[in-house]
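Let me begin by presenting the structure, written as C-alpha cells, before commenting on it.
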Amino acid sequence: MTRRLGADQVTEAARLLRTGELVAFPTETVYGLGADARNGRAVAAVFEAKGRPHFNPLICHFPDAESAFAEVIADDRARALAAAFWPGPLTLVLPRRTECRIDLLAGAGLDTLAVRVPAHPLALALLRAAAIPVAGPSANRSGAVSPTTAEHVLEGLSGRIAAVLDGGACDVGVESTVLDLAMGGAALLRPGGVPVEAIEAVIGKVSRPLPISAAEKTRTLRSPGMMLSHYAPTLPVRLGAVEAAADEALLAFGPPLPGAGLVWQLSETGDLREAAARLFAGLRHLDAEGGRLGLIRIAAMPIPESGLGAAINDRLARAAAPRT
Ligand code: TXA
Ligand code: MG
C-alpha cells in the first residue's frame, strides 16, 4: 500500500527515504519519484517502479547549491547560474567529483551528474530533513505523462512506492531546463522551466539541440554503444556467455562460470534489483582490473529479460555494440 503523507509528515517521508524506500514528492515543476541517491538498490527500485526498459540518468535533488556542489565540480558559470536560478527549475549537468557519493546507477554510469535545487517549500523541507542526495525522475510510469498532483502519482504508481508526500498541484507543470556544462561549452539538453534566453543573459551563448534529423545522423555516425556518450568499457564485451576463458573477465549472474581470469558478481541469488545496482560498478571494475591483468574481453552471463533485466540487457547490448 502506498501511503499518502501530508505537509506535517515531512519527517516520516524523510525517514522512509533514509531507509531506502521510494517516496514521491512535489517540486515546482512536476512530482519526483525520490530515492536515496547513494543507495544502489533504492535507485534500482526507481527504475523498476517506473517500468523503464533502459537506464536513463536521473536528476539528483539537493536543498542548496553548497550540498549539490559537494558532489559535482562547479565552475564559475555553474555558480553564477545557481545564484541566479536556484532554488528553481534549472538542472545542471556537471562532472562528478572523485569523492562523489552518488551511486553510479543513478547517473547511468556516466562521469557526469545532473543536479538541481527545487523551489517547492515541501521539497526543500524534505531534502533538509532527509539530509541525503535524492535521485528523482518524474513520478510516472515510463511513457506516461509527468504527474503534477499526488492523485496523478497514485494513478500510476500506487502499490509500487512507499509513499507520496502531498503538496497539492505543481506550479510550473513542465520539467526543469537541463543544461550541460560538463563538456566545456554550454548545451541545452532539454528546454524547460527556465527559458534559455534567461540562461544566456547570465553565461552567454548556449548551443541548442540539433534538429531530430541531424541528431539521428550524428547518432548513426557514432557507435550505438557510445550513444548519449554513455560510459563504454575499453575491453570488448561478449554477451550470453555460457562458458568462460582464463583471459576473460566474467560478469556473473547466479552461480559463476568457472575458469575466468576475474569475476564480478552481479547477484549470486539472481536478484535483478541487486544486479542493476551493481552493474555499472561491475563494468568499471572488470574493465580497469581486467585491463591491468592483461585480460582481453568481458564475458557477460545471460540475464533474463523480465523486469529490470530488460534495462540491464539494453545497457549490456550498448557496451557490446561494435565500436567505430
Ligand atoms: O523538473 C524536473 O526536472 C523533474 C523533477 C522531479 O525534478 N525531474 C525530471 O527527471 O524530469 P527525469 O528523469 O524525468 O528527466 C531527467 C532528464 C532526462 O532527460 C535525462 O536524460 C537528463 O535529465 N539527464 C540526467 N542526468 C544526465 C546526465 N548526467 N547527462 C545528461 N543528461 C542527463
Ligand atoms: Mg520524465
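The values are calculated or read from the model by the stated rules, or taken from the named source; none is laboratory data. None of the values given here were measured: they were computed from a predicted structure. Cβ placement follows ideal geometry from the backbone for every residue including glycine, while neighbour counts extend to all protein chains displayed.
Things worth noting here:
- Residue count for the range 11-48 under the criterion of being closer than 20 Å to Pro118 by Cβ, in a helix (DSSP H, G or I) and in contact with a strand residue (DSSP E or B) (Cβ under 7 Å, 6 or more places away or on another chain): the result is 8.
- The residues listed here are Leu81, Leu90; of these, the one that is within 10 Å of ligand 1 (Cβ to nearest atom), in contact with a helix residue (DSSP H, G or I) (Cβ under 9 Å, 6 or more places away or on another chain), touching a residue at least 40 places away in the same chain (Cβ under 8 Å) and of a type outside the set (Asp, Glu) is Leu90.
- Yes/no for Arg52 being within 19 Å of Ala162 (Cα to Cα) and surrounded by fewer than 21 Cβ atoms within 10 Å (Cβ to Cβ): yes
- In the range 58-74, of all residues being of a type in the set (Val, Ile, Thr) and surrounded by 21 or more Cβ atoms within 10 Å (Cβ to Cβ), the one that is farthest from the chain's Cα centre (by Cα) corresponds to Val72.
- Selection of the range 200-216 for residues being modelled with pLDDT under 90 and either among the hydroxyl-bearing types (Ser, Thr, Tyr) or surrounded by fewer than 12 Cβ atoms within 10 Å (Cβ to Cβ) (or both) yields Arg208, Pro211, Ile212, Ser213, Ala214, Ala215, Glu216.
- The residue of the range 225-240 that is modelled with the lowest pLDDT, among those that are under 19 Å from Ala299 (Cβ atoms) and outside any loop (DSSP other than H, G, I, E, B), is Gly225.
- Hey, Ala119 closer than 18 Å to Leu5 by Cα, away from ligand 2 (no atom under 16 Å from the Cβ), modelled with pLDDT of 95 or more and crowded, with 17+ Cβ neighbours inside 10 Å or not: no
- Here the condition is being at pLDDT 95 or above and more than 18 Å from the chain's Cα centre (by Cα); of Ala78, Ala45, it holds for Ala78 alone.
- Looking at Glu243, Glu248, just one residue is out of contact with any strand residue (DSSP E or B) (no Cβ under 8 Å at 6 or more places or on another chain) and at pLDDT 95 or above, and that residue is Glu243.
- Residue within the range 93-110 that is part of a helix (DSSP H, G or I), in contact (Cβ under 8 Å) with a residue 12 or more places away in the chain and over 28 Å from Glu274 (Cα atoms) present: no
- Look at (1) in contact (Cβ under 8 Å) with a residue 40 or more places away in the chain; (2) hydroxyl-bearing (Ser, Thr, Tyr); (3) away from ligand 2 (no atom under 16 Å from the Cβ) and you find that Thr29 fails only one, number (3).
- Strands (runs of 3 or more DSSP E) enclosed by the range 130-217 - at least 1 residues per element that are within 14 Å of ligand 1 (Cβ to nearest atom) and among the basic types (Lys, Arg): 187-190
- Residue satisfying all of: in the range 158-199; surrounded by 17 or more Cβ atoms within 10 Å (Cβ to Cβ) and of a type in the set (Ser, Thr, Tyr); farthest from Val10 (Cα to Cα) among these: Thr177
- Residue in the range 289-299 that is acidic (Asp, Glu), part of a helix (DSSP H, G or I), within 29 Å of Asn39 (Cβ to Cβ) and modelled with pLDDT of 95 or more present: yes
- Test: residue in the range 50-69 that is acidic (Asp, Glu) and in contact with a Leu (Cβ under 7 Å, 6 or more places away or on another chain): no
- In the condition set (1) over 27 Å from Leu16 (Cβ atoms); (2) aliphatic (A, V, I, L, M); (3) within 12 Å of the chain's Cα centre (by Cα), Leu33 is compliant with all but (1).
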